[in-house]
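What follows is a short report on a single structure.
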Amino acid sequence: MSDFNRRQFLQTSSIGMTAAVGASVLANGLVAKAAASERIRVGCVGVGGRAGFLVKTFAAMKEVEIVALADLDSNRLPSAVEVVGNLQGKKPRAETDFRKLVDDKSIDVLVVGTPDHWHAIPTILGCLAGKDVYVEKPDGHNIGEGQRMVAAAKKHGRIIQMGTQARSGEHFLSAMEYIRSGKLGRCLVAKGWESSKQGSIGKPADSDPPAGVDYDMWLGAAPKRPFNVRRFHGNWRWFFDYGTGDLGNDGVHRLDVARWALSTACEAQGDPPLVFPSSVHAAGGKWYFDDLQEWPDTLQVTYEFAGVGAKPGKVLTYEMRVWNPYGYLGESEAAAVFGDQGYIILGNSRWRAFGPGDKLLAEGKGNNDGTTHIQNFLDCVKTRKRPNADLETVGHPSSLLCHMGNVAWRTGHRLAFDSVTETFINDPEANALRTRPEYRKPWVLPEV
């Protein structure tokens, strides 16, 4: 690290730093746990919002013992401790600084359910401390963070699963089998979309942070700013400093499924799989809501994947309209792949394939709550196989689509992309947005 070596960073201040789980688990109480010596010992960073679901689900897994919870909002910890205690028969300890979990040598796995700007540092430190990591999407706040996370996992041999749970969803897997059959014909185009209505976050005035919140630490690497309730719990994702907009919030799921499905179609027709696009451009803006949000509420992004040899290129598009009260192609948020013999629509709980004349050819349904995704991660912690949303091969490439789209929108440029260096070709303005202008000390990105 530039200002702290790893040991100093981990030991600063003498510290080294809920979607239901399954109705049957909560209704019937404790699950049958494996013997203590066979359990994976887990530390959870963050306990509110999506992190609350992760805490519950991990606690309900028979091979898991949650040892500790960390949240810099101490108001959230007591109820989370109680929930875990009820599920596993033993209360975890509560911390307000995640570095205590990193320092705990008895912890095997870190679960990172924090805001986007707090994904990278705990994940990297977890890798440096020999822990495997389950981290929510997108992989980091920006491209540079994602690269550093991948580098840490590779160098230290760690398993990292990103929380794009569709990768382990039964109906998504069956949809990929259908695509793999080649029944869609020749596929060149895919798209993802968000069209569910959201609300304004208003324009409340700045105020003092709530009691029991370490607000300076919550800001982390982001610039020092006055507290505002809309820049905090739940709404942080709409601001440049902390989130990645709805493109990185919900769009990452749609883009991940669209890229996965189109890549599966490519392989079925003898074309190379899709990894990184060769170019991106975006149009849209903050046109509908008059509030404090900074990211766009209306957006269209086009990604082009260059052809290889005699194989043609492919196009992936993303549309965001978070102000209309209706869906598109029967789904408020989904992905689709289009071939010359048919097309397939992949929603959160179903998929449908259509042929000429929009005739329904096949369909499937399933649960996408994420439980099977977490089980896949735990299985891979034990087997050391790549998980379904492995950070290097799945999580980072799909997250990068979000970051690329955001950079294209902020610059207004059509951007050419170098997939080897993950930089924009001949565009200093775009490359400046690959990372933060400055990481506020001491929260610099750890060296790996």
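The values are calculated or read from the model by the stated rules, or taken from the named source; none is laboratory data. It should be emphasised that the depicted structure is a prediction, and the values quoted were computed from it without experimental measurement. Every residue, glycine among them, receives a Cβ derived from its backbone with ideal geometry; neighbour counts consider all protein chains shown.
For this structure, a couple of remarks:
- Hey, G395 surrounded by fewer than 18 Cβ atoms within 10 Å (Cβ to Cβ) and either closer than 28 Å to L188 by Cα or at pLDDT below 95 (or both) or not: no
- Note on region 67-84: residues that are in contact with a Phe, Trp or Tyr (Cβ under 6 Å, 6 or more places away or on another chain) and either among the basic types (K, R) or surrounded by 24 or more Cβ atoms within 10 Å (Cβ to Cβ) (or both) total 1.
- The criterion of being more than 26 Å from F232 (Cα to Cα) and of a type in the set (K, R) holds for K105.
- Within region 246-275, residues that are more than 16 Å from R167 (Cβ to Cβ) have Cβ atoms under 7 Å from residues that are in a helix (DSSP H, G or I) and of a type in the set (G, A, S) in these pairs: L247/G405, counting only partners at least 6 apart in sequence or on another chain.
- Applying the criterion of being in contact with a strand residue (DSSP E or B) (Cβ under 8 Å, 6 or more places away or on another chain) and within 25 Å of A432 (Cα to Cα) to the residues of region 115-135, the residue that is surrounded by the most Cβ atoms within 10 Å (Cβ to Cβ) is T123.
- Selected residue [over 22 Å from H396 (Cβ atoms), surrounded by fewer than 18 Cβ atoms within 10 Å (Cβ to Cβ) and among the polar types (S, T, N, Q)] from S207, S278: S207
- Filter result (farther than 19 Å from N75 by Cα and either surrounded by 16 or more Cβ atoms within 10 Å (Cβ to Cβ) or of a type in the set (S, T, Y) (or both)) within region 221-239: A221, A222, R237, W238, F239
- Cβ pairs under 6 Å, 6+ apart, first in region 308-328 and over 18 Å from V280 (Cβ atoms), second of a type in the set (V, I, T) and at pLDDT below 95: none
- Checking each residue in region 381-394 for being part of a helix (DSSP H, G or I) and in contact with a helix residue (DSSP H, G or I) (Cβ under 8 Å, 6 or more places away or on another chain) picks out L391, E392, V394.
- Criterion: among the β-branched types (V, I, T), over 20 Å from F53 (Cβ atoms) and surrounded by 23 or more Cβ atoms within 10 Å (Cβ to Cβ) - qualifying residue of I160, I143: I143
- Residue check for K191: at pLDDT 95 or above, part of a loop (DSSP other than H, G, I, E, B) and not assigned by TED's automatic domain parsing to the domain that holds V381: no
- In region 268-320, of all residues being in a loop (DSSP other than H, G, I, E, B) and within 12 Å of G405 (Cα to Cα), the one that is nearest to the chain's Cα centre (by Cα) corresponds to W295.
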